[in-house]
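Readers should treat all values here as calculations from the given coordinates under stated rules, not as data from a laboratory. Not measured: the values here are computed from a predicted model. Here the Cβ is made from the backbone with ideal geometry for all residues, glycine too, and neighbour counts use every protein chain on show.
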């Protein structure tokens, strides 16, 4: 082997070694905390005496509020995503920035923003309080916090799908006499439902794990506003086992949401390109 080829071979092997070592370290940093959490739950000695009532209460509240949040996200987020994908209107780019801001906004800032809007002295909170309606420290506050931080994931997925749809199919439906609403219901939605479901599952997972905005805006009241992430935080001082078990349940739900999202995305890719799965 010539010296130049031998030198290139050594350089390539060196790159493989460095890549393997650094990738292995990064993988360990990502995988080890999950393995440690599972190990901690199943090796705890006091697990049999664990009081499950706070966990069940937080679980039911989390599932109930996220169900309401997802309904709101679908009903209000779908038209907004369609407007972003299909229409031009004033301040469109500015509104898009506000829609995506909760993704990068610190959770505590999101909670303060919600308090400024819906708190007792907020822009809308004060008029509502005059009508006898108080939002803060209620399950409604939990839902608002979840919607605020989770809806960008759905709107981004829906907007991308609506923008990528071939317009000739919708035009053909309109030529055949279908109204715009009929076309949206019978053509646009059937062609988009996998992507919409994937975005919806991501939004649900984000809403389920919401912590910072919720604890600031809704408080941490057991049976009223204490969702599962808040239970983990509250149980760290009084019942570490409950914190670990709740965290493991949340981890399982997040893993399931991620699996469903990847599965739906894969089905959508295969439907768009049947040869992609070969």
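With Cα atoms defining each centre, region 111-146 and region 11-84 are spaced 29 Å apart in the structure.
Calculated from the alpha-carbon coordinates, region 90-240 shows an Rg and a Dmax of 19.6, 66 Å respectively.
When the helix-only estimate is applied to the chain (DSSP H runs of n ≥ 4, each -39,500 (n - 2.57), divided by the residue count), what is the mean residue ellipticity at 222 nm, nearest 500 deg cm²/dmol? So the helix-based figure for the chain works out to -26000 deg cm²/dmol.
For the chain, a Gaussian network of Cα nodes joined below 10 Å ranks 18, 149, 41 by mean-square fluctuation, and the top entry is 18.
Beyond 25 Å, what percent of the Cα pairs of the chain remain?
Working: 23380 of 38503 pairs.
Result for the distance tail: 61 percent.
In terms of other Cβ atoms within 10 Å, 101, 253, 228, 26 run from fewest to most in the order 26, 101, 253, 228.
To make sure I understand, if each residue's beta carbon is the centre and we count other beta carbons within 10 Å, what order do 39, 204, 139, 263 fall in, fewest to most? Could you put the intermediate results ahead of the total?
On the way: 39 10, 204 24, 139 18, 263 14.
With the sparsest Cβ surroundings first, the list reads 39, 263, 139, 204.
Mind telling me which of 120, 161, 194 comes out most flexible in a GNM of the chain, alpha-carbon contacts under 10 Å? Looking only at 120, 161, 194, the biggest GNM fluctuation is shown by 120.
Within the listed set 220, 241, 88, the residue fluctuating most in the Gaussian network model of the chain (springs between alpha-carbon atoms under 10 angstrom) is 88.
Given 0.36 nm per residue, what is the gain on full extension from residue 51 to residue 259 after removing their alpha carbon distance, in nm? Don't skip to the answer; put the middle values down first.
Working: separation 208, 0.36 × 208 = 74.88 nm, distance 3.04 nm.
Net length gain for the segment: 71.8 nm.
Here the simple spin-label model places points 7 Å from the Cα toward Cβ, and for residue 163 and residue 36 these points are separated by 4.0 nm.
Label-to-label distance for residue 236 and residue 91 is 3.9 nm, based on points extended 7 Å past Cα in the beta-carbon direction.
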